[in-house]
Amino acid sequence: MKSDLPSIGFGTWKLENTADTAEIIRNALQAGYRLIDTASVYGNEEAIGSAIAEASRSGLWVSGKLWNEDRNRVEEACEKTIQNLKCDYLDLYLMHWPASKALHPDWAEINASVWARMESLVQAGIVRYIGVSNFNQTQLEALLPHCSVFPLVNQIELHPGWPQIELTEYCRRSGIAVQAWSPLRSGKLLRKKELISLAEHYGRTPAQIILRWCVQRGVIPIVKSTNPQRMRSNLDLDFSLSEADMNDLTSLSNLGWSGLDSETLTLFG
Ligand SMILES: NC(=O)c1ccc[n+]([C@@H]2O[C@H](COP(=O)([O-])OP(=O)(O)OC[C@H]3O[C@@H](n4cnc5c(N)ncnc54)[C@H](OP(=O)(O)O)[C@@H]3O)[C@@H](O)[C@H]2O)c1
């Protein structure tokens with residue numbers, strides 16, 4: 001893993017393109033987040049950009065995502081994102097979803113050609129690192145032989161109940177950092193009795209237990225909160241979970257997941 005890639009990031013999905021969102025990002029930066037995860041499809045880049053424009057860029061990772069409908073206009077989409085986010089460059093730019101086999105018989109060629117155009121963004125100096133999101137092992141195995149710039153990260157759904165053990169191991173072996181999206185399952189995990197009882201045992205919050213489990217596995221959680229106090233407590237992960245509790249959390253089942261399978265996805269194109 002690149003040493004300056006932050007070990008936790010701040011998520012922005014479902015935040016609106018309003019002054020309130022700019023304030024949320026200001027609060028997140030003040031709380032200490034050093035990676036802001038964005039995506040053009042979230043429709044809120046401009047509001048986020050207002051807060052980023054006021055912040056010191058040093059040590060801050062601004063991360064964007066290429067939406068599926070922009071696969072044929074990678075350069076324009078990236079330039080628009082940079083303009084919206086009021087940056088001169090992006091630190092990280094992710095392919096939001098792979099082309100799925102269900103919709104695209106030539107999915108592997110599409111992903112390789114989008115990647116080649118993303119590599120040209122690095123060569124042009126407007127993006128520092130590129131990565132992928134929602135790629136499974138088959139999709140990575142098809143892409144990696146075509147890469148002259150290797151993906152820095154694969155951002156995937158990952159949380160207790162959906163631990164992604166094999167994919168995480170594959171990424172680790174391939175030198176790709178794993179970022180966990182919806183680490184709290186959009187908040188749904190926080191009411192689960194297993195999490196509440198572990199939180200009581202450690203004198204922590206259920207969110208801290210989950211985020212610590214991610215970090216202790218070497219996974220980078222991308223967590224969202226609109227509340228400054230919860231933003232700060234989600235960064236306070238200076239404790240350890242026992243090996244037994246780590247294993248118990250990893251083997252929890254029946255906690256659900258989004259159901260978004262990148263192999264069969266027909267929803268997003
Ligand atoms: N690559 C992809 O395809 C993809 C897909 C989905 C998401 N993502 C990224 O992953 C990020 C995180 O996922 P997410 O937005 O689904 O949510 P999440 O971080 O899993 O959960 C956020 C929810 O948990 C609540 N929460 C946060 N900390 C809390 C705490 N300490 N105590 C109690 N409640 C707490 C928040 O409420 P409050 O605001 O009230 O605190 C919010 O409702 C997204 O924002 C996005 O950047 C990427």
| From the backbone phi of segment 20-35, what are the Karplus-calculated ³J(HN,Hα) couplings (6.51 cos²θ - 1.76 cosθ + 1.60, θ = phi - 60°) in whole Hz, Gly and Pro given as x? | 4, 5, 4, 5, 4, 5, 4, 5, 5, 5, 5, 5, x, 5, 10, 9
| message | Straight-line reach from residue 188: which aspartates and glutamates fall under 17 Å, measuring Cα to Cα and dropping same-chain residues less than 8 apart? | response | 157
| message | Whole angstrom only: what separates the Cα centroid of segment 1-37 from the Cα centroid of segment 167-225? | response | 17
| remark: Ordering 226-233, 158-165 by per-residue average of other C-beta atoms within 10 angstrom, highest first, gives 158-165, 226-233
| remark: Karplus-derived 3J(HN,Hα) from phi for segment 246-252 (6.51 cos²θ - 1.76 cosθ + 1.60, θ = phi - 60°), whole Hz, x at Gly and Pro, runs 4, 5, 4, 5, 5, 9, 4
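Here, each number is a calculation from the coordinates, and none is a lab measurement. These figures come from a predicted structure and were not determined experimentally. Glycine also receives a Cβ, built like all others from the backbone with ideal geometry; neighbour counts cover every protein chain displayed.
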